[in-house]
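Each value in this text was obtained by applying a stated rule to the coordinates, not by laboratory testing. Nothing here was measured: the structure is a model prediction, and the numbers come from that model.
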Amino acid sequence: MSVTVFLSYAHSDKFFAELLQLKVEASNIGVWRDTRSFRAGDNWRQSIDKGIQSADALILALSKDSSASHYVTYEWATAMAKLKPIIPVLLETCDLHPKLEPLQYMDFRQHSDASWQELIQRIREVLEASEKVDDVPSDPEGGSIDGDSITETNLSEKQVKARDEIKAYLNRMGLRLVSFHIIRKNINKSYDDEFLTTLRKTVSEFGPAKVRIRRPKPNEPKTRDGIKLV
């Protein structure tokens, strides 16, 4: 199982976590989850940080207890900071942190075999769309274009459309970044590098990224330009 997802959940939801692990691992996807009922100090943080760093995505089990849990909040916030894809799974109606509200959750309040199949498919789609990020130097133009160039207050109709499409795609997939290649593949094939580079510099919510492709194909570059939410 080379692909691994990190499962973030409240201890009270451990029976669902156990079931999820069985279902997901049956599809040859590894699951990392903390099974300890007592968590303490730096050792816990180091273990969690290592688990999230090694995972390809994070599944977040949403419930009243997990929404109130500082541990769960730390886990998804760490995953978000590390630009890991997040797949929220709703177990019961609960309050959501503002950072999680834009993400499209999967409704498991009354789950079935079809729900599990949909989750597995979602994991695979997210992993296909996500690519590892490389650190890039700060944009010397501060993420905007100076002088008489375009600013976010007067975006063209095409730029507004592209901005909204990219943000909606990122939120639907639980991603924090996306490569130009994936934008053309899954959003709009007409968005060339020049257009996307200008858009990235113009929209204040977008930042530069260099992404490493997971499995390079022959004659394919090892890195690609990308857009990340900042």
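What the table below lists for this structure:
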| quantity | calculated |
| --- | --- |
| Over 26 Å between alpha carbons, listed pairs LYS23/LYS210; LYS14/LYS185; LYS84/LYS185; LYS84/LYS210; LYS99/LYS228 | LYS23/LYS210; LYS14/LYS185 |
| Per-residue HN-Hα couplings for the range 65-70 [Karplus 6.51, -1.76, 1.60; θ = phi - 60°; Hz; x = Gly/Pro] | 6, 5, 5, 8, 8, 5 |
